[in-house]
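K.L.:
Handing you a structure now.
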Amino acid sequence: MKIIVKAKARAKMEKVELLTQPTLNFDNAKPELDIYKVWVKEPPVGGLANQAIVKALAKHFDIAPSCVVFVSGQTAKQKIFEITEY
């Protein structure tokens, strides 16, 4: 499953929060992706925040960090991740 992550680096605490629920696929409408807001303590320098987001998502979904795949948004605040085993 793919998810959208709104990243907040340099936060005082680590937290993962679901912001939206996916819509049902009525009348061939495109279902929307889940959107999560993730707060991490690491700064957005040298990929440190992205690595921390992977660890936070893995902990949230109770899976190994290798099951969280970064898809896009390397330097953006909004990123896309794929959860491969959920």
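K.L.:
Tell me, what is the per residue accessible area of the chain in Å², probe radius 1.4 Å?
P.N.:
Working: 5860 Å² over 86 residues.
Heavy-atom SASA per residue in the chain reads 68 Å².
K.L.:
At a Cα cut-off below 27 Å, give the lysines reachable from K41, other chains included and same-chain residues fewer than 8 away excluded.
P.N.:
The reachable lysines, counting only those whose Cα sits under 27 Å from K41, are K2, K6, K8, K12, K15, K55, K59, K77, K79.
K.L.:
Hey, another quick one. Residue-wise, which Karplus ³J(HN,Hα) couplings in Hz belong to the range 65-79, taking 6.51 cos²θ - 1.76 cosθ + 1.60, θ = phi - 60°, and x for glycine or proline?
P.N.:
Residue by residue, the range 65-79 yields x, 5, 8, 9, 10, 6, 9, 7, x, 3, 10, 8, 6, 9, 10 Hz.
K.L.:
Sticking with this structure for a sec: Only Lys, Arg, Asp and Glu count, each charged at its Cβ (+1, +1, -1, -1), so figure out the dipole size of the chain about its Cα centre, rounded to 20 debye. Please report the intermediate quantities before stating the final value.
P.N.:
Numbers: 13 positive and 9 negative charges, 105 e Å.
It works out to roughly 500 debye.
K.L.:
Using a 1.4 Å probe on the protein chains only, how many percent of the accessible area of the chain belongs to carbon and sulfur?
P.N.:
It is 53 percent, rounded to a whole number.
The values are calculated or read from the model by the stated rules, or taken from the named source; none is laboratory data. These numbers come from a predicted model, not from an experiment. Positions of Cβ are backbone-derived with ideal geometry, glycine not excepted, and every protein chain shown enters the neighbour counts. Quick note on the areas: whole protein, heavy atoms, side chains included, nothing else; ligands and nucleic acids left out. Shrake-Rupley method; radii C 1.70, N 1.55, O 1.52, S 1.80 Å.
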